[in-house]
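This report concerns only the one structure given below.
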Amino acid sequence: MSPRTRLSLLLLALTLLLAACVPTPDAPAPDGPALEETDVLYLTLDAHDIRWSEQAFTVTAGQPVTLRITNAGVLDHDFVLEALGLEAKLSPDQSIELNFTFEEPGEYEFLCTVAGHIDAGMVGVFTVLPADE
Ligand SMILES: [Cu+2]
């Protein structure tokens, strides 16, 4: 093996070694704020014609909630949680995500205000438990 070939092989080996050290793009992110996302409570709610898929949720005061609402019906619906000032209209097939936190324990009603839909049963309740329990 000539000295020149030997040098080439050495450079090749070094290149491969360096390539192995470069982090891949999908490597896990270092510890950070992302960890706190595990504290979020993910809930789903579907609007059908004419009822909610769920009529009762239980959450804890101070716990961040992400509620994904999908209009699975053919009528327009809306979601109103008056206690938190939340209002969202949903066309058929539309999905939305609402992020909110109940600060105080209690019972909080949610409903669909489209005419006749409350009477049909599009009303439900969040029961919020004290954080200490
Ligand atoms: Cu409705």
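Observations on the structure shown:
- Test for ASP119: is it surrounded by 13 or more Cβ atoms within 10 Å (Cβ to Cβ) and modelled with pLDDT of 95 or more: no
- Residues that are under 20 Å from the mean Cα position of the chain (by Cα) and assigned to a loop (DSSP other than H, G, I, E, B) do not occur anywhere in the range 119-131.
- Number of positions in the range 102-121 that are more than 11 Å from the ligand (Cβ to nearest atom) and touching a residue at least 24 places away in the same chain (Cβ under 8 Å): 7
- Residues of the range 84-91 include at least one that is in contact with a strand residue (DSSP E or B) (Cβ under 7 Å, 6 or more places away or on another chain) and either in contact (Cβ under 8 Å) with a residue 60 or more places away in the chain or within 11 Å of the ligand (Cβ to nearest atom) (or both).
The values are calculated or read from the model by the stated rules, or taken from the named source; none is laboratory data. Owing to the predicted nature of the structure, the values given are computational and were not obtained by experimental measurement. Quick reminder, even Gly has a Cβ in these numbers, built from the backbone with ideal geometry, and neighbours come from all protein chains shown.
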